[in-house]
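**Student:** Dropping the structure in here first, questions after.
What follows draws every value from the coordinates through simple rules; no lab data is involved. Just so you know, these numbers come straight off a predicted model, no measurement behind them. Because the Cβ atoms are built from the backbone with ideal geometry, glycine has one as well, and the counts that use them run over all protein chains shown.
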Amino acid sequence: MASFLKTYVLFFDRCQVKYIYTGRIKGDDSQEENMAETINSVRGMRDILPRETKIWQIVEREAFNVIEEFGFEEIRVPVVEELRLFQRSVGSFTDIVQKEMYVFKDKGDRLLALRPEATASVVRAYLQHQLHAKKRVTRLYYSGPMFRYDRPQKGRYRQFYQIGAEIFGGESPYFDAELIVILSRILNRLKVSHYSFEINSVGCDRCKIEYSNILQKFLILRANELCQDCQTRLRHNVLRVLDCKVVSCRDIIKDVPSIQQILCDGCKKHQQTIYNCLMNHNIQFIENSHLVRGLDYYTMTVFELKINGEETAVAGGGRYNNLVKDLGGPHTPAAGFAIGMDRLCDLVAPETKEGIEILVFFLGDKALQQGTILINNSRIEGIKLILDYNERSLKNHLKVADREEAKHVLILGDDELVENCFLYRNMKDGSQKHIKFDQFSNFLKGLKNV
Ligand code: HAM
């Protein structure tokens, strides 16, 4: 079947999005030709399999618990937003917007993007639903997939997951500190201990401009030695030069004047209060005066959570006092963080305590019909009763149980039905016993308490 689907190939030239209509989707005919070929996941987008999702569930549970204990409420925002939302928030000259966004036009000719992060969406929702009119301080959290067309490698994916938290309406440095305390608590609950925070201030509006000018003057003298990207940053977004990973740029960056030297009294006091608060909480941190982060909206505090000895951050965040206003709302100081779930889950050991699973087999139709009802009506929290409806002999059922390394097996056949009981087999020691139907719930409760 010929394809009538149309595709647009998008690419960016700075911030101008160009479209080329390429007619039919090329791969469509080959699909018809080679139906037997298996299809793998898209580069940079992976499946998270049951062995891993067990850890993800633990991490999500602990993170949501801690965040909720601090009074945050969940918000769910769409994965697709208007492109201009990210241009106006993350920044048109950031790598994320210039190089890493998945952008497309929908059938209504709207220019849309898969979200590369969620802070912009949460601010959009905060304004769209006038949440600012309801509470003086609003604490929101979210989780879900984000999309960045980055170079895939371990810990860096094109679809990755974040859990994030944002506070709106809080000017005090104690709000910034609260976010770091939350992150620290989440890691402690997950028994991850070898981490610390890197913290910096990118300054208030005035300090940011003053420092950008100083930086520009310093870097312009060595502009020829900077990489192509940094030469553009020098003109449009000079602070981003500090984040460049190119070796020749890093060499120049190590000599740049520190922002700490020019911070105003207000910025200094803000930063010192955070430091005091973290020290009082015994939270380890270092001041990194080159830390600027890859998003344009930050003012004053920026921070990253790193595992000792590693380059990549497990979480990052900071204060963004202008973003709500820049997106059309009232002046609202705000701050937040996002945890990279893919990276955090890699650090967490699986739970050692296994849950109880009982494999249930039936011998014959009658046993299957009556047994499923009996079992489903007896289920209790904390015990998995896994029913195998396939027809097999008792011998073959037990072979399956062995292969699947089942610890507990329950069998129901004609003989057991007549006796109103199940046959229970402990696969570990081979012992067997009959359990009357009316005793089954008690038996399960007993197993749970062993
Ligand atoms: P971000 O630093 O871009 O900040 O991302 C936060 C975390 O997401 C990173 O520290 C990292 O763990 C994870 N992450 C980022 N990119 C990838 C990737 N390609 N693959 C795997 N993990 C990744 C933000 O997104 C801000 N919205 C944080 C924030 C919230 N600031 C204020 N409020």
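**Student:** As a test of the formula, what do you get for the chain when each DSSP H run with n ≥ 4 contributes -39,500 (n - 2.57) and the sum is divided by the residue count, at 222 nm and rounded to the nearest 500 deg cm²/dmol? Don't skip to the end; give the middle numbers.
**Tutor:** Numbers: 16 runs with 159 residues, N = 450.
Rounded to the nearest 500, it is -10500 deg cm²/dmol.
**Student:** Give the residues of the range 53-69 whose amide nitrogen is closer than 18 Å to a point set 7 Å from the Cα of residue 189 in the direction of its Cβ.
**Tutor:** Flagged as within label range: 54-69.
**Student:** Please report 397, 290 as a ranked list, fewest other C-beta atoms within 10 angstrom at the top and most at the bottom.
**Tutor:** By the 10 Å Cβ count, ascending, the order reads 290, 397.
**Student:** Continuing with the same structure: Can you put 35, 146 in order, fewest other beta carbons within 10 Å first?
**Tutor:** Numbers: 35 6, 146 21.
Ordered from fewest to most neighbouring Cβ atoms within 10 Å, 35, 146 come out as 35, 146.
**Student:** Determine, from the Cβ-Cβ distance of residue 404 and residue 68 and an R0 of 30 Å, the FRET efficiency 1/(1 + (r/R0)^6), rounded to the nearest 0.05.
**Tutor:** Working: r = 37 Å, r/R0 = 1.23.
Once the sixth-power term is evaluated, E becomes 0.20.
**Student:** For the range 356-448, give the magnitude of the charge dipole about the Cα centre (Cβ charges: +1 Lys/Arg, -1 Asp/Glu; no others), in debye to the nearest 20.
**Tutor:** 280 debye
**Student:** While we're on this one: Work from the charge dipole of the chain (Cβ charges, +1 for Lys and Arg, -1 for Asp and Glu, about the Cα centre) and give the residue of 119, 322, 55 farthest towards its positive end.
**Tutor:** Comparing the listed Cα positions along the dipole, 322 ranks first.
**Student:** Quick one: net charge of residue 426's neighbours, Cβ under 10 Å, K/R +1, D/E -1?
**Tutor:** Once positives and negatives cancel, what remains is +3.
**Student:** Related question: Of all beta bridges DSSP finds with both residues in the range 356-448, what is the antiparallel percent, to the nearest 5?
**Tutor:** Here the share of antiparallel DSSP bridges comes out near 45 percent.
**Student:** GNM, the chain, Cα, under 10 Å: largest mean-square fluctuation among 50, 257, 333?
**Tutor:** For the chain, modelled as a Gaussian network with Cα springs under 10 Å, the answer is 50.
**Student:** Could you calculate the contour length gain from residue 449 to residue 220, that is, 0.36 nm times the residue separation minus the distance between their Cα atoms, to one decimal place in nm?
**Tutor:** Net length gain for the segment: 75.4 nm.
**Student:** Any idea which of 165, 149, 219 is furthest toward the positive side of the dipole for the range 133-242, if Lys and Arg beta-carbons carry +1 and Asp and Glu beta-carbons -1?
**Tutor:** It is 149, whose Cα lies furthest towards the positive end.
**Student:** What relative contact order, as a whole-number percentage, does the chain give when Cα pairs under 8 Å and 6 or more residues apart are counted?
**Tutor:** Values: 718 pairs, mean separation 62.2, N = 450.
So the answer I get is 14 percent.
**Student:** Then there is this: Greater than 29 Å separation of Cα atoms is the criterion. Which listed pairs, 54/366; 395/433; 306/384; 217/245; 99/191; 154/245, meet it? Let's see the in-between values first.
**Tutor:** On the way: 54/366 36 Å; 395/433 17 Å; 306/384 38 Å; 217/245 21 Å; 99/191 36 Å; 154/245 17 Å.
Over 29 Å Cα-Cα: 54/366; 306/384; 99/191.
**Student:** What is the magnitude of the charge dipole of the chain about its Cα centre, with +1 placed on the Cβ of each Lys and Arg, -1 on the Cβ of each Asp and Glu, and no other charges, expressed in debye to the nearest 20?
**Tutor:** Rounded to the nearest 20 debye, it is 940 debye.
**Student:** Give the order of 251, 346 when sorted by the count of other beta carbons within 10 angstrom, beginning with the fewest.
**Tutor:** The most exposed by this proxy come first: 251, 346.
**Student:** Helix 440-449 against the longest principal axis of the chain: what's the angle in degrees, Cα atoms only, rounded to the nearest 10?
**Tutor:** The angle comes out near 50 degrees.
**Student:** Using a/c under 1.5 as the rounded threshold, could you call the range 356-448 rounded, prolate or oblate? The axes a ≥ b ≥ c are square roots of the C-alpha gyration tensor eigenvalues, and prolate needs a/b larger than b/c, oblate otherwise. Before the final figure, lay out the partial values.
**Tutor:** On the way: a/c = 1.41, a/b = 1.04, b/c = 1.35.
Rounded shape, in that the Cα axes give a/c under 1.5.
**Student:** Can you bin the chain into rounded, prolate or oblate? Criterion: square roots of the alpha carbon gyration tensor eigenvalues sorted a ≥ b ≥ c, rounded for a/c under 1.5, prolate for a/b above b/c, oblate for the rest. Intermediate values should be presented prior to the final figure.
**Tutor:** Numbers: a/c = 2.56, a/b = 1.76, b/c = 1.45.
Prolate, since a/c reaches 1.5 and a/b exceeds b/c.
**Student:** Counting DSSP beta bridges in the range 289-410, what percent are antiparallel, to the nearest 5? Before the final figure, lay out each step's value.
**Tutor:** Values: 10 of 19 bridges.
Around 55 percent antiparallel, to the nearest 5.
**Student:** Right, next: Could you tell me how many degrees, from 0 to 90 and to the nearest 10, lie between the Cα long axis of helix 265-280 and the main elongation axis, the longest principal axis, of the Cα atoms of the chain?
**Tutor:** 30 degrees
**Student:** Near residue 269, which lysines are there with a Cα under 17 Å away, not counting those fewer than 8 places off in the same chain?
**Tutor:** Counting by Cα, and skipping residues close in sequence, residue 269 has these lysines nearby: 208.
**Student:** Separate question: Using 0.36 nm per residue, how much length does the chain from residue 109 to residue 250 gain when fully extended, once their Cα-Cα distance is taken away?
**Tutor:** On the way: separation 141, 0.36 × 141 = 50.76 nm, distance 4.21 nm.
Stretched fully, the residue 109-residue 250 segment lengthens by 46.5 nm.
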